[in-house]
Amino acid sequence: MDFETTVTESIQRTRNIISVRFAKPEGFEYLPGQYIFISIGRGDAELRKPLSISCSPTEGFLEVTKRLTGHPFSNALALLKEGDKVKFKGPLGYFTFLGEYKKIGMLSGGIGITPLRSMIKYIIDKMLDTDVVLFYSNSYEDDIAFEKEFEDLEKKSPKLIIVSTVTRPGPSWTGITGRISADMIKTHLPDYKDRVFYVSGPTKMVDSSLNLLKEMNVLEAQIKKESFTGYD
Ligand SMILES: Cc1cc2nc3c(=O)[nH]c(=O)nc-3n(C[C@H](O)[C@H](O)[C@H](O)COP(=O)(O)OP(=O)(O)OC[C@H]3O[C@@H](n4cnc5c(N)ncnc54)[C@H](O)[C@@H]3O)c2cc1C
């Protein structure tokens, strides 16, 4: 389905990640984890990209969150102001969660957090009886989008654990370091074999995570993935 909507707000999440909020058009319904194709500009100047919806259907707005790359679509998104109009197509995708499983593990690299943020917010707002452990890997501590919000959600829900790791930590980072590894998963998620995994991020991160889970003998049928092609 095609929709047109209006920008309501732009939020700087980190030094190079922004969220843009839109009015949720009447008749637009989506599932946590789905994405849309956003078009900015018109005619020959139209720029179009797929972006996951980073808000939850329990929230009254529509939000996407983008890593700024300095490329044309990124720049156009960053320039959007309250009242500007954009077109979008959707919802699309099967990387969704509505409470089907009681225990899930999530692996996210960088901006791949967006569909998972939608699912986590949905689980908490709907008070679903789902136990979630999110492994959230970023290059630098300054890159961690939704960091404060996740801390607050973790305090609110005993069923949510966030394992945040940084691969290139600065001197002030006191948390976990390094890529998501088998040891890290086994330490924080001893019952990993009983879980369904949601893996999301740039293609290389998703592929290496799938290999890791395979090496840990997690069945393919227990893994769902969203690859952000376009960052390779
Ligand atoms: C289902 C799905 C969901 C997605 N959800 C999100 C999301 O929620 N948030 C998000 O940020 N992205 C998401 N993406 C990725 C998004 O669609 C874009 O592909 C991505 O953001 C890059 O777009 P861009 O216009 O900024 O950069 P592009 O111009 O498309 O460039 C992509 C990257 O390639 C490199 N590059 C491009 N051209 C060159 C060149 N000539 N030489 C060298 N390097 C080059 C740049 O470093 C850049 O980082 C999603 C993708 C899919 C498929």
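Among residues of the range 10-30 being touching a strand residue (DSSP E or B) at 6+ places or on another chain (Cβ under 7 Å) and assigned to a loop (DSSP other than H, G, I, E, B), the one that is nearest to LEU116 (Cα to Cα) is TYR30.
Filtered by the rule that a residue be surrounded by fewer than 17 Cβ atoms within 10 Å (Cβ to Cβ) and in a helix (DSSP H, G or I), the range 189-232 gives LYS193, ASP194, THR203, LYS204, ASP207, SER208, ASN211, LYS214, GLU215, GLU220, ALA221, GLN222.
Would you check if LYS148 is within 25 Å of VAL64 (Cβ to Cβ), surrounded by fewer than 17 Cβ atoms within 10 Å (Cβ to Cβ), of a type outside the set (A, V, I, L, M) and free of Cβ contacts under 8 Å to residues at least 12 places away in the same chain? So LYS148 fits the description; yes. No other residue among GLY110, GLY60, GLY93 is of a type in the set (Gly, Ala, Ser), closer than 25 Å to GLU26 by Cα and near the ligand (Cβ under 10 Å from one of its atoms) apart from GLY93.
Would you point out which residue out of THR65, THR69 is surrounded by fewer than 16 Cβ atoms within 10 Å (Cβ to Cβ), within 16 Å of the ligand (Cβ to nearest atom) and either within 25 Å of GLU147 (Cβ to Cβ) or not charged (D, E, K, R) (or both)?
Result: THR69 is the single residue among THR65, THR69 that is surrounded by fewer than 16 Cβ atoms within 10 Å (Cβ to Cβ), within 16 Å of the ligand (Cβ to nearest atom) and either within 25 Å of GLU147 (Cβ to Cβ) or not charged (D, E, K, R) (or both).
Scanning the range 24-46 for residues that are surrounded by fewer than 16 Cβ atoms within 10 Å (Cβ to Cβ) and touching a Phe, Trp or Tyr at 6+ places or on another chain (Cβ under 7 Å) yields a count of 2. Taken over the range 142-157, the criterion of being part of a helix (DSSP H, G or I) and either at pLDDT below 95 or over 19 Å from MET205 (Cβ atoms) (or both) is satisfied by ASP142, ASP143, LYS148, GLU149, GLU151, ASP152, LEU153, GLU154, LYS155, LYS156. Filtering the range 96-107 to residues that are surrounded by fewer than 24 Cβ atoms within 10 Å (Cβ to Cβ) and more than 16 Å from the ligand (Cβ to nearest atom) leaves LEU98, GLY99, GLU100, TYR101, LYS102, LYS103, ILE104. Taken over the range 52-77, the criterion of being hydrophobic (A, V, I, L, M, F, W, C) and out of contact with any Lys or Arg (no Cβ under 8 Å at 6 or more places or on another chain) is satisfied by ILE53, VAL64, LEU68, ALA76.
The values are calculated or read from the model by the stated rules, or taken from the named source; none is laboratory data. Keep in mind that this is a model prediction, so the values were computed, not measured. Positions of Cβ are generated from backbone atoms using ideal geometry, with glycine treated the same way; all protein chains shown enter the neighbour counts.
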